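Engineer: Take this structure first; my questions come after.
The values are calculated or read from the model by the stated rules, or taken from the named source; none is laboratory data. In this text the structure is predicted, and so the values were computed from the model without any measurement. We place every Cβ from the backbone using ideal geometry, glycine too, and count neighbours over all the protein chains shown. Areas reflect the complete protein model, heavy atoms only, side chains present, ligands, DNA and RNA absent. Shrake-Rupley method; radii C 1.70, N 1.55, O 1.52, S 1.80 Å.
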Amino acid sequence: MAAREKSQRIGVFPGSFDPIHNGHLDLVERSLGLFDQVIVAVLDNESKRPVFTVEERVEMLEELFERRASVRIESFSGLLVDFARAVSAGTLIRGLRTGADFDYELPMALMNRRLFPELETIFLVPRAEYADLSSSLIKEVCRLGGEVSGLLPEGVRKRLEGKLRG
Ligand code: ADP
């Protein structure tokens with residue numbers, strides 16, 4: 001058992017997930033085809049004034065993935081490479097939507113490699129219909145009263161509307 005656990009391929013999918021949307025879900029599904037276990041790691045970034053607390057974000061993710069034994073939800077603060085080391089992950093998973101994502105991600109991936117050379121970063125591309133989704137755009141549209149259903153899970157949408165529209 002211990003040997004099998006040791007050889008498990010563990011991928012970490014880090015992010016703010018404030019809130020999770022269909023683009024993120026698409027990436028988790030794709031990651032499950034590549035890894036034995038996917039750890040969705042929620043960044044504890046209260047200083048960025050997220051709409052949802054880290055506890056709320058973790059709770060929503062746990063609800064969404066409660067029947068998926070190969071998905072684990074954690075929160076982290078501090079260096080991502082330290083978190084990856086602590087959970088014995090070999091790979092970081094990030095999403096690429098546009099060239100702007102690539103420009104932002106490449107220096108981070110190279111810095112993470114400096115800090116932890118054995119840790120790989122892979123980039124996954126979502127389905128085209130989710131490639132324009134971002135948590136910040138969804139929050140902006142929702143705040144202004146626009147329709148966001150179909151872009152994120154229903155329960156999450158309701159909680160977001162509760163937060164932003166009171
Ligand atoms: P961060 O603040 O780390 O960018 P996000 O929650 O915005 O946190 O994103 C987490 C990860 O999910 C990032 O790798 C991001 O590129 C990816 N991602 C966000 N939106 C999408 C999307 N629509 N399709 C695919 N990947 C996405």
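Engineer: If Phe123 satisfies every condition in (1) assigned to a helix (DSSP H, G or I); (2) within 16 Å of Leu96 (Cα to Cα) but one, which is the exception?
Structural biologist: Result: Phe123 fails condition (1) only.
Engineer: Of Gly23, Gly15, Gly33, which residue is touching a His at 6+ places or on another chain (Cβ under 9 Å) and closer than 23 Å to Ala128 by Cβ?
Structural biologist: Answer to the check: Gly15.
Engineer: Suppose the filter is in contact with a strand residue (DSSP E or B) (Cβ under 6 Å, 6 or more places away or on another chain) and within 21 Å of Leu124 (Cα to Cα); does Phe35 pass it?
Structural biologist: Here the answer is yes, as Phe35 does meet what is asked.
Engineer: Taking the criterion of being within 13 Å of the ligand (Cβ to nearest atom), among the β-branched types (Val, Ile, Thr) and in contact (Cβ under 8 Å) with a residue 40 or more places away in the chain, would at least one residue in the stretch 43-62 satisfy it?
Structural biologist: yes
Engineer: Which residues, taken from the stretch 1-38, are more than 13 Å from the ligand (Cβ to nearest atom) and either at pLDDT 95 or above or among the basic types (Lys, Arg) (or both)?
Structural biologist: Arg4, Lys6, Arg9, Ile10, Leu32, Gly33, Leu34, Phe35, Asp36, Gln37
Engineer: Of the residues that sit in the stretch 85-102 and are assigned to a loop (DSSP other than H, G, I, E, B) and open to solvent by less than 30 Å² (accessible area, probe 1.4 Å), which one is nearest to the ligand (Cβ to nearest atom)?
Structural biologist: Looking at the filtered set, the residue picked out is Ala89.
Engineer: So, one more: If a residue must be closer than 24 Å to Glu46 by Cβ and in a helix (DSSP H, G or I), how many such residues does the stretch 6-24 contain?
Structural biologist: Adding up the residues that qualify gives 2.
Engineer: Go through the stretch 15-62 and give me each residue that's out of contact with any helix residue (DSSP H, G or I) (no Cβ under 9 Å at 6 or more places or on another chain), open to solvent by 30 Å² or more (accessible area, probe 1.4 Å) and within 18 Å of Gly162 (Cα to Cα).
Structural biologist: Of everything in the stretch 15-62, those that are out of contact with any helix residue (DSSP H, G or I) (no Cβ under 9 Å at 6 or more places or on another chain), open to solvent by 30 Å² or more (accessible area, probe 1.4 Å) and within 18 Å of Gly162 (Cα to Cα) turn out to be Arg49, Glu55, Glu59.
Engineer: Output the residues belonging to the stretch 63-84 that are in a helix (DSSP H, G or I), open to solvent by less than 90 Å² (accessible area, probe 1.4 Å) and in contact (Cβ under 8 Å) with a residue 60 or more places away in the chain.
Structural biologist: Initial filter on the stretch 63-84 (in a helix (DSSP H, G or I)): 63-64, 80-84.
If we keep only those that are open to solvent by less than 90 Å² (accessible area, probe 1.4 Å) too, we end up with 64, 80-84.
Passing the criteria: Leu64, Leu80, Phe83, Ala84.
Engineer: So which residues in the stretch 122-139 are more than 9 Å from the ligand (Cβ to nearest atom) and open to solvent by 80 Å² or more (accessible area, probe 1.4 Å)?
Structural biologist: So in the stretch 122-139, the residues more than 9 Å from the ligand (Cβ to nearest atom) come out as 122, 128-129, 137-139.
Passing the criteria: Ala128, Glu129, Leu137.
Engineer: Additional query: Looking at (1) in a loop (DSSP other than H, G, I, E, B); (2) within 18 Å of Ile20 (Cβ to Cβ); (3) away from the ligand (no atom under 14 Å from the Cβ), find the lone condition where Gly145 falls short.
Structural biologist: Unmet condition: (2).
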